[in-house]
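These notes concern the structure reproduced below.
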Amino acid sequence: MLNNEELKEYENVLEQGKKVVGQTGNSIFIMPTQSLPQSPEMNTGIGHLTDKTTQEYIKYMHSMLGFNVREDLPPGQITPYANNFFCNYQSTSLALGDQNINPQLLTTDEYANLLTKEDVKEIVSSNKRPDKDRFANFNNIMDENGGQNQALKKAYKKFESLVDSHPLKTRYKNYIKENSEWIDFLYKDKGDFFKFKQFLADEHHAKGNEFLHSIGVKSCGDCLIGATPEEVKARPFAFALDWNMGWVLATPDIEKILDPASDAHKYMKYKIQNFARRYDMLRMDVGWAYIQPRLFKNYNPSEIKKPYFGDKIMNLIENWVKEVKGNDFDPKNIIWEVEAGPGDFEWEKNGKMIEPLQNRVKIYSSMYMSDNWASNDAFLKRNFGADNFIIGLGNHDHQPIREIANDIPYPQKAGDKIIYEHPKKNSIAPLAKIFNMDEKLLEDPVEYRKTKSAEHMMAKHTMSFFMDDFGYDVRFDKHSFNCEDTPTENYAHKIRYDWKKQYHDAVESGWGANKMDSLERIFKAKGYDNTNPQLYKLIVKYRDILNEKTVSKETAPTSETAQEASGTAKSIFKNKYFIPFIAAGTLAIAAGVHYYIKKHKPKIHENTDTRPSLVKTA
């Protein structure tokens, strides 16, 4: 672990090293709000960017990873699905969720001391989840009778008693006046308590962004394609009721978005502009669907249509964002999810990328790396343009790098079958070629993990998911198994309170993100060690310091022995979750239950696609 003087030098070395290898654009850290750490004294269930513990964590990881963008998952109010499974992609699409409210702020003069410190302690004490240091407690934050909502009801009563001229009430009235259109569009019947919570959520969300900006980090919001059943009921003509995109979630009536008089157009404008106001950057969930969606009639796989919009809807989205951003508008700050199978979406025609994608920023993972796909090297050879793509190990959707490195099969439902993928196999040869190394070395899990992490660091724009950076060996999103296998853990994984120890233990074991290790590998492979010898020495110095097993001054010694971090260390990893997901999946198929909670991401680098379609089967 680094002392303060070393940390400053480390930051400078990382910055200079990134410039040499070409990582000079956006470096995105995907860190969901529900996964932020909390202290035991303030563990309400979900952290917040205005919380002291969270801010210390973000600052430190900003130093260690060098990111300049923090990306969140969709920030809406989440209603649980089957078996108490909470998923951000089934949340409100215009309104913010209660997780954006920090009750601690309500104990301050700025918020008229609407809550006392004892009220906040009651929220903490109502978080009864036994493993609450490792998992979020959505129920305590989201439920009508959860601890936080009960406290907010008390705060609202006190708010109502304030004189009309009170500064807090003045801010509230201004907020309602400025936001009444979208509130009335979908939530007209929700009442004043709902509006009060939206006011708090938007203000606290903005304060979180202010913190990020203070350390030189931009915010990125995930603009989900779906909506809640309650939202559909409020404005049915804005959504596709018969023809849909194939998941068990409501989606906008995409065929009517271009009609300015339609509810679909109005809905999309409100959604896009809300995200543009709340974030510096937008990630367009299922971005390819705005070009050519694959629509199913009532989820029937035999009735399909694929209307082609080209870049018309994308242009509309960009114009809506520009109306909000004004002179600060940059189309490169809208990033598009485009990973899909050939049966769902074709990104190229006649060997050339389709025009709507050519000059827009596309998001890719390296999960399905092969000779001509899913690496910075491959994309540059395809003339994608360094400015026009973001690549990383993966995001919430993908199999974690630790599972891939250990060749743990990746189960997916395909109709009435379960298929098991092994993404590692096809990536070994291209990785070995890029780094001028023997393929056999990459059979070792830790060596593979470190080498693959280094590859995407050569890209101008990169992304990383917190669970990969912390060396997790389980999936955040189990897709069609979410409601069956550990439903209360999926989408709920949380960084521990002793986050610094957690991170450094992961790095020392070889599974956590060691940026200096990545730089050293790139420098050696590309000859930068010869052209920048002094910088290379410092990179090696800090790589070795981070790899050393140390005992944190802030934490007690651990009895766990970390695996050696050397490239030839023997893996002793066993995935305890692999057997449950096979069993759960088999039982689900026997019962005829297939959940498509969140989209599958079929590989797109081959003409033969073995991954499941987006069709909901029954």
| request: For Thr462, list long-range residues whose amide hydrogen, built 1.01 Å from N in the peptide plane, is under 5 Å from its own amide hydrogen. | output: Asn26, Ser27, Ile28, Ile391
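Let me confirm the definition first: pairs of Lys residues in segment 250-306, 8 or more apart or on different chains, C-alpha distance under 20 Å. How many are there? Intermediate results must be reported in sequence, preceding the final value.
Numbers: Lys256/Lys266; Lys256/Lys269; Lys256/Lys271; Lys256/Lys297; Lys256/Lys305; Lys256/Lys306; Lys297/Lys305; Lys297/Lys306.
Lysine pair count for segment 250-306: 8.
Full-extension gain between Lys19 and Glu348, please, as 0.36 nm times their residue separation minus the C-alpha to C-alpha distance. Don't jump to the answer; show the numbers that get you there.
Numbers: separation 329, 0.36 × 329 = 118.44 nm, distance 3.15 nm.
Working it through step by step, the gained length comes to 115.3 nm.
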| field | Under the Karplus curve 6.51 cos²θ - 1.76 cosθ + 1.60, θ = phi - 60°, whole-Hz ³J(HN,Hα) for segment 517-525, x wherever Gly or Pro sits | value | 4, 4, 4, 4, 5, 5, 4, 5, 5
| Let a ≥ b ≥ c be the square roots of the eigenvalues of the Cα gyration tensor of segment 225-337; is it rounded (a/c under 1.5), or, if not, prolate (a/b larger than b/c) or oblate? | prolate
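Just want to confirm a number: the relative contact order over segment 209-342, from Cα pairs under 8 angstrom separated by 6+ residues, in percent.
Numbers: 210 pairs, mean separation 34.6, N = 134.
Across segment 209-342, relative contact order equals 26 percent.
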| request: List, in order, the whole-Hz ³J(HN,Hα) value for each residue of segment 471-482 obtained from phi through the Karplus relation with A = 6.51, B = -1.76, C = 1.60 and θ = phi - 60°; use x for Gly and Pro. | output: x, 5, 10, 10, 8, 6, 10, 9, 6, 5, 9, 4
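Using the Cα gyration tensor of segment 102-205, with a ≥ b ≥ c the square roots of its eigenvalues, what is the shape: rounded (a/c below 1.5), prolate (a/b larger than b/c) or oblate (neither)?
Working: a/c = 2.32, a/b = 1.46, b/c = 1.59.
Note, shape of segment 102-205 comes out oblate.
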| task | Please list, in chain and number order, the residues 5+ apart from Lys218 or on another chain whose amide H is under 5 Å from its amide H, with Hs placed from the backbone. | result | Val69, Arg70
| Between Arg134 and Lys306, what is the FRET efficiency for a Förster distance of 41 Å, r being their Cβ-Cβ separation, to the nearest 0.05? | 0.45
| task | Tabulate in residue order the Karplus-calculated ³J(HN,Hα) for segment 16-24, using 6.51 cos²θ - 1.76 cosθ + 1.60 with θ = phi - 60°, rounded to whole Hz; enter x for Gly and Pro. | result | 5, x, 4, 5, 5, 7, x, 8, 10
| At Leu441 and Lys8, where each label point lies 7 Å from the Cα along Cα→Cβ, what is the point-to-point distance in nanometres? | 3.6
| query | Once both labels are modelled 7 Å past Cα along the beta-carbon direction, what's the Asn372-Ser214 spacing in nm? | reply | 5.1
| field | For peptides 10-16, 427-433, 174-180, sequence by mean Cβ density within 10 Å, most packed first | value | 427-433, 10-16, 174-180
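For segment 253-295, just say rounded, prolate or oblate: build the C-alpha gyration tensor, square-root its eigenvalues into a ≥ b ≥ c, call rounded for a/c under 1.5, and beyond that prolate if a/b exceeds b/c, oblate if not.
Working: a/c = 3.30, a/b = 1.24, b/c = 2.65.
Oblate is the answer for segment 253-295, as a/c is 1.5 or above yet b/c matches or exceeds a/b.
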| task | Out of all DSSP beta bridges with both ends in segment 225-337, state the antiparallel percent to the nearest 5. | result | 70
| query | With each pseudo-label sitting 7 Å past Cα toward Cβ, what's the Thr108-Leu380 distance in nm, one decimal? | reply | 4.5
| task | Search the structure for amide H atoms under 5 Å from the amide H of Ile335, placed 1.01 Å from N in the peptide plane, and list their residues when 5 or more places away or on another chain. | result | Leu282, Arg283, Met284
| Relative to the Cα centre, what is the charge dipole magnitude of the chain, using +1 at the beta carbon of each Lys and Arg, -1 at the beta carbon of each Asp and Glu, and rounding to the nearest 20 debye? | 440
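Figure the gain on full extension for Glu255 and Lys425 (residue separation times 0.36 nm, minus the Cα-Cα span) and round it to one decimal in nm. Write out the running numbers ahead of the final one.
Numbers: separation 170, 0.36 × 170 = 61.20 nm, distance 4.05 nm.
In short, 57.2 nm is gained.
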| request: Note down the relative contact order for the chain as a percent, whole number, built from C-alpha pairs under 8 angstrom at least six residues apart. | output: 17
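Checking the table Lys59/Lys452; Lys19/Lys362; Lys59/Lys524 against a 24 Å threshold on Cα-Cα, which pairs fail?
Too far apart for the 24 Å limit: Lys59/Lys452; Lys59/Lys524.
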| When the helix-only estimate is applied to the chain (DSSP H runs of n ≥ 4, each -39,500 (n - 2.57), divided by the residue count), what is the mean residue ellipticity at 222 nm, nearest 500 deg cm²/dmol? | -11500 deg cm²/dmol
| request: Give the order of His205, His493 when sorted by the count of other beta carbons within 10 angstrom, beginning with the fewest. | output: His493, His205
| field | Per-residue Cβ neighbour rank within 10 angstrom, fewest leading, Tyr528, Tyr60 | value | Tyr60, Tyr528
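Tally the DSSP beta bridges in the chain and give the antiparallel ones as a percent, rounded to 5. Walk me through the intermediate numbers first.
Values: 17 of 43 bridges.
Roughly 40 percent of the DSSP beta bridges within the chain come out antiparallel.
FYI, it's all coordinate maths here, none of it is from the lab. Treat the numbers as computed from the prediction; the structure is a model and nothing was measured. FYI the Cβ positions are ideal-geometry reconstructions off the backbone, even for glycines, and counts take in every protein chain you see.
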